[in-house]
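Trainee: Just dropping this structure here.
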Amino acid sequence: MRIFTVLIFLFIFISSVFAQVENTNREPGQILVLLKNKVDPEKDSKLKAEFQEMGLLVKGKLTSTMNVWQFDFSESQQPEKILSVLQAHPAVEIAQFNHKIQEREIIPNDPSFNLLWQLKNTGQSGGLPGADVHATEAWEITTNGVTVLGDTIVLAIVDGGVDLIHEDLNLIKNYNEIPGNGIDDDNNGYIDDFNGWNAYTNSGTLPTHDHGTHVAGIAAAKTNNGLGVSGVSFNAKVMPVAGSSTTEATVVKAYDYVYTMRKIYNESNGARGHYIVASNSSFGVNGGNPADYPLWSAMYDSMGLVGIANVGSTANIAYDIEQNGDIPTAMTNESLIAVTNTTNQDVINSQAAWGINSIDLGAPGTSIYSTRQGNQYGYKTGTSMASPMVTGTIALLYAASDSATLMEFKQFPSLAVSKFKRYLIATVDTIASLVGKTVSGGRLNTLNAVSMAANPPILISDPSFITDSLKPGTADTIFIQLSSTSSEPDVYSISLPPDATWIYTDPSAGVLMPGMTQTIRVYINAQTLPEATYSVNMSVNDYFLNQLVIPVSLLVDQDIAVHDISSNVSVAISPNPFDQEQKIDINILRTTDVNIKVINLQGTTVAQIYNNKLLPGSHSMAWNGRDVNNQIVRTGVYFIVVTDSYGSVTMKSMKK
């Protein structure tokens, strides 16, 4: 009994605490009310007077579909009592306070965060508020440095080296290697690669480098650690690789180390190597022609196959690289994401290159505050600072992905590279100075990209399959509703096997807009088909590399009923296909006895809709999808047969 009493006390105490917290989060003097039965407090004088006696004044109706109203009252009254009385009123369905809503974001405690306009631009240093990648809101979705499958997310920063003792860098170590013993302990082909790899000297001794340290901090500085700056990836790790200058041979060696470490990780199921999801290349060759660099390109292809996206910064020269060339960003490899530099005013930097077919997007790269060598911090500007913004965002895409998605990526690593590249391009914030100069026409939006990774777009068809039956020498048209859950426009195409000459669609390609469906006409032609059963898979493919397969089955049989148009009756049915009910609209020219029934493919009567006299004019009836025993019929094709004294009309009905 004492335990029960204590529990009751705790419940009352906790409830009162929650009530206090909730009530302090309300808009003073405002109540929201859902009224019953289309009650209008502005037109119902009696009700209006009752509310006025309670101290409530009608502010106005809030919705067009639901009968929700806002009422104002004086805070000098007892708000809780007013709410309680209102909730008990017979005309009220729901009553509640108007609560305050806050934008959700994570502001890290790093003391220099206010200098990082690229992550949250509030107008500091004369910037344009909102001209940022919306990282703080993306962090509300995830800040993980480990996937839900337990893989530690690693970013390869291929540069001149890093400051290995910088206390604000999130550096990964190869613990399968014993440093300094001169032995390749993990058998990966590299000796003493505990901290990463130095392609200049073919050793595990990494040089300290200011540029590489700055780039690494942008992508993956330790975040919310009460020190220095924040990295866009929040908790991802950096694997430094020195090898961004001198000759192409050095670059190829550097990339080969990155490739090897991810390949080993894949093959050992994570026992060795690193789960490297992206490489960052803030270096290149101005004016380079991709045709002269086939090995560099081949390395990108190889890295993409094992699951590494390669992010490259374009030239710091104001020209079109498709006319002037650039390495690597004039390359068009599937695994390469090319980035240009934007400012805190959301315009392309005046000293940054562009290319409408090769530069994928822009990212903040002007006056970026980050880690510097010697355990210091400072500003740098250039496309070199823009690419690690994208590299760090890729880490968050993996952190936001669910287990089913990641398992698919483990089976097909290159699919992750291609999908995430499309997510980044599709979710940019469009800015005028990049329209016509980049593939996306916009600047990186980390929030949008992470949201898409957390809720991957899928294709939906209604119905999800097609079953039809025709008499030889006839044809039919069936309608399907196609949609995408993407928050961005989604380009699609429909394909059929080349030998399926009896079916085609209109349209066969298009764009699915968010929140909208598109009607696809499926034309089925049995005019030259002999009696038999035919089947084919209709494939819908979209921009985000989804594939939806819609099975189509056709029965061609001489005994299938066909339209025998009456001169007295016209019939229309909707919706078709239907789920719960199908409306039957009939127009009668002359008074007649009318019989309406539903038959199946075997000609058996399934349901009797009507059997009586009808006068001239329009009449509406319905089939509830049930048979003569009031049981819901199976999914499939049925026929609604309307017979009068002059003939009959048969309409094909599809039950979902």
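Laboratory data are not the source of any read-out in this text; all were calculated from the coordinates shown. Source: prediction; values computed, not measured. No Cβ is skipped: glycine too gets one built from the backbone with ideal geometry, and neighbour counts run over all protein chains shown.
Trainee: Classify the stretch 105-213 as rounded, prolate or oblate from the Cα gyration tensor: take a ≥ b ≥ c as the square roots of its eigenvalues, call it rounded if a/c is under 1.5, otherwise prolate when a/b beats b/c and oblate if not.
Mentor: prolate
Trainee: Using a Cα-Cα cut-off of under 20 Å, which lysines could be cross-linked to K222, ignoring same-chain neighbours fewer than 8 residues away?
Mentor: K120, K173, K237, K380
Trainee: Can you compute the FRET efficiency between S495 and A88 using 1/(1 + (r/R0)^6), with r the Cβ-Cβ distance and R0 = 56 Å? Round to the nearest 0.05.
Mentor: Efficiency computed from Cβ-Cβ geometry: 0.35.
Trainee: Please give the per residue volume of the convex hull enclosing the alpha carbon atoms of the stretch 410-550, rounded to a whole number of Å³.
Mentor: Working: hull volume 19.4 nm³, N = 141.
In the stretch 410-550, the Cα convex hull volume per residue is 138 Å³.
Trainee: Next question. What does the net charge come to around D559 if you take all other residues with beta carbon closer than 14 Å to its beta carbon, with K and R at +1 and D and E at -1?
Mentor: With Lys, Arg at +1 and Asp, Glu at -1, the net is -1.
Trainee: To continue, here is another question. So if I take the centroid of the Cα atoms in the stretch 171-250 and the same for the stretch 313-331, what is the distance between those two points in Å?
Mentor: The stretch 171-250 and the stretch 313-331 have Cα centres separated by 27 Å.
Trainee: Return the loop-located chymotrypsin sites (Phe, Trp or Tyr not before Pro) in the stretch 599-656 (DSSP other than H, G, I, E, B) with at most 16 other Cβ atoms within 10 Å of their own Cβ; answer none if there are none.
Mentor: Numbers: sites: Y610, W623, Y638, F639, Y646; in loops: Y646.
Those that pass, being in a loop and sparsely packed, are Y646.
Trainee: Can you give me the distance in nm between label points at A622 and Q608, each placed 7 Å from the Cα along the Cα-to-Cβ direction?
Mentor: 2.2 nm
Trainee: Kindly work out what percent of the DSSP beta bridges joining two residues of the chain are antiparallel, to the nearest 5.
Mentor: Roughly 75 percent of the beta bridges in the chain run antiparallel, per DSSP.
Trainee: Which net charge results for the neighbourhood of D184, defined as the other residues with beta-carbon distances under 14 angstrom from its beta-carbon, given Lys and Arg at +1 and Asp and Glu at -1?
Mentor: Result for the neighbourhood of D184: -4.
Trainee: Let me ask something else. Can you divide the C-alpha Rg of the stretch 236-361 by 2.2 N^0.38 Å and report the result to two decimal places?
Mentor: Relative to the 2.2 N^0.38 Å estimate, the stretch 236-361 comes out at 1.09.
Trainee: A further question follows. Given R₀ = 22 Å, FRET efficiency for S268-E408 by Cβ-Cβ distance, to 0.05?
Mentor: Once the sixth-power term is evaluated, E becomes 0.65.
Trainee: Using the Cα atoms of the stretch 163-215 to build a convex hull, what is its mean projected area in square nanometres?
Mentor: 3.9 nm²
Trainee: Can I ask one more? For the chain, what is the calculated [θ] at 222 nm in deg cm²/dmol (nearest 500), taking -39500 (n - 2.57) for each run of four or more DSSP H residues and dividing by its residue count?
Mentor: Numbers: 12 runs with 141 residues, N = 656.
Counting only the DSSP helices, I get -6500 deg cm²/dmol.
Trainee: How far apart, in nm, are two points set 7 Å out from the Cα along the Cα-to-Cβ line at K81 and at E53?
Mentor: 1.6 nm
Trainee: Show me 70-82, 411-423 ranked by packing, highest mean number of other Cβ atoms within 10 Å first.
Mentor: On the way: 70-82: 14.3, 411-423: 19.4.
Ranking, from highest mean packing down: 411-423, 70-82.
Trainee: For the chain, what is the convex hull volume of its Cα atoms per residue in Å³?
Mentor: In the chain, the Cα hull volume divided by residue count equals 270 Å³.
Trainee: Something else about it: For the stretch 129-177, just say rounded, prolate or oblate: build the C-alpha gyration tensor, square-root its eigenvalues into a ≥ b ≥ c, call rounded for a/c under 1.5, and beyond that prolate if a/b exceeds b/c, oblate if not.
Mentor: Oblate, since a/c reaches 1.5 and b/c is not below a/b.
Trainee: Mind checking which of W502, T430, Q351 is farthest towards the positive end of the chain's charge dipole, using Cβ charges of +1 (Lys, Arg) and -1 (Asp, Glu) about the Cα centre?
Mentor: The residue sitting most towards the positive pole is W502.
Trainee: Once you have the Cα-Cα distance between T201 and Q547, take 0.36 nm times their residue separation minus that, and quote the gain in nm to one decimal. Let's see the in-between values first.
Mentor: On the way: separation 346, 0.36 × 346 = 124.56 nm, distance 4.68 nm.
So the chain would gain 119.9 nm between T201 and Q547.
Trainee: Using the per-residue mean of other Cβ atoms lying within 10 Å as a proxy for protection, in what order, highest first, do the peptides 84-93, 377-386 fall? Display every interim value, and only then the final one.
Mentor: Numbers: 84-93: 13.9, 377-386: 21.6.
By packing density, highest mean first, the sequence is 377-386, 84-93.
Trainee: Between Q323 and T122, what is 0.36 nm times their sequence separation minus the Cα-Cα distance? Round to one decimal in nm. Provide the component values of the computation, followed by the final result.
Mentor: Working: separation 201, 0.36 × 201 = 72.36 nm, distance 3.71 nm.
Working it through step by step, the gained length comes to 68.7 nm.
Trainee: What lysines could a cross-link reach from K59, if we take a straight Cα to Cα line under 30 Å and drop same-chain neighbours fewer than 8 places away?
Mentor: Output for K59: K36, K38, K43, K46, K48, K81, K100.
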